[in-house]
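Right, one structure below, let's go through it.
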Amino acid sequence: MKLLVSLLFLASCSSYHHVPASPPPPYNPVAGDALQLVIEKKGEAQECVSLLTNNYCLWDKEILVFVDSKFKDKMSLLAQETSYNVNIETQSVGKNEARKIFVQPGSKKLSVNGIQWRKNYPMLEKILKANGYTITNKLAESQQVVKVTFGLKDLDVAKFKRYLNLVAYDTAEMKKNKKEVEMWKSSVSSIGTTRDFDKVYPILLGITSELVSDAGNLNKSLIVSDSNLNVQAIKHFLAP
């Protein structure tokens, strides 16, 4: 009898196969999930960009959007990307700590009442505010006057320069001595074959956004893709 029980026990053991547990399903955040929770679940992001209360973080080929550190939306990287040759030139006198500015067109081709200014300046204004600037409507209340120029310039047959330039002047010198004393300036441009300024403008804004908080002294060229996280973040941030 004992032998029979033992044989039955061995048979039952030999017929049992261990089935490994299924891996947990991939984590997909839902609206309201905290940024810290997402990091704990997915690991550190490859890269993050902050614009005011918005955070844009890249995991693999997906950009997650957080507002006030709470998950709000997701974006996919562009399937087909376009690259642009971008030239950057910045200069500054010391560290720029002035944050209250008065902005005006820096070219006779631009007017605050013109279509081009009314269409494109609000996007730049939003970028300036995201970088800590307060924009006043009264020159006398400002610390600096920032003159802005942007647009297209014909260079050759089917070649155009798309540009966005900012030059900041000391308001005190303008009021006291009637002099335009430069404090910092930023010039971002791209030469290419398209006249579609609206297509290139987010690229120029994305680079400018990285410069205006502290212009420093730079003179370099680089290739920027429209799938760049900073550019994608700018496009989403500026969307109506």
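Around Lys100, under 11 Å between beta carbons, what's the net of Lys plus Arg minus Asp minus Glu among the other residues?
Local charge sum for Lys100: 0.
Taking the DSSP beta bridges in region 97-239 as the whole, what percent of them are antiparallel, to the nearest 5?
Antiparallel bridges: around 75 percent, rounded to the nearest 5.
Any aspartates and glutamates with Cα under 14 Å of the Lys178 Cα? List them, leaving off those in the same chain fewer than 8 positions away.
Answer for Lys178, where 14 Å is the Cα cut-off: Asp170, listed by chain and number.
Kirkwood Rh over alpha-carbon pairs of the chain, then Stokes-Einstein at 37 °C and 0.692 mPa s: what D in µm² s⁻¹, rounded to an integer?
Approximately 154 µm²/s, per Stokes-Einstein.
Enter the accessible area per residue of the chain (Å², integer; probe 1.4 Å; all protein chains in place).
Per-residue value: 60 Å².
Using a 10 Å Cβ count of at most 16 others and DSSP loop calls, identify the longest part of the chain lacking such trypsin sites (Lys or Arg not before Pro).
Formally, the longest exposed-site-free interval is 1-60.
Scanning the chain for GluC sites (Glu not before Pro) in DSSP loops with at most 11 other Cβ atoms within 10 Å, what's the longest stretch left with none?
98-240
Hey, what did the chain get for relative contact order, percent, Cα under 8 Å, at least 6 apart?
For the chain, the relative contact order is 21 percent.
Past 28 Å, Cα to Cα, is the threshold; run Lys95/Lys175; Lys42/Lys100; Lys153/Lys235 against it and keep the listed order.
Details: Lys95/Lys175 22 Å; Lys42/Lys100 40 Å; Lys153/Lys235 24 Å.
Cα-Cα > 28 Å for Lys42/Lys100; rest within.
So how compact is region 33-174: Cα radius of gyration and Dmax in angstrom?
19.3, 54
May I ask you to give the percent of accessible area on the chain that is carbon plus sulfur, with a probe radius of 1.4 Å?
Reported share for carbon and sulfur atoms: 53 percent.
The values are calculated or read from the model by the stated rules, or taken from the named source; none is laboratory data. It should be emphasised that the depicted structure is a prediction, and the values quoted were computed from it without experimental measurement. All Cβ positions, glycine included, derive from the backbone under ideal geometry; neighbour counts span all protein chains shown. The area values use the complete protein model at the heavy-atom level, side chains included, leaving out ligands, DNA and RNA. Shrake-Rupley method; radii C 1.70, N 1.55, O 1.52, S 1.80 Å.
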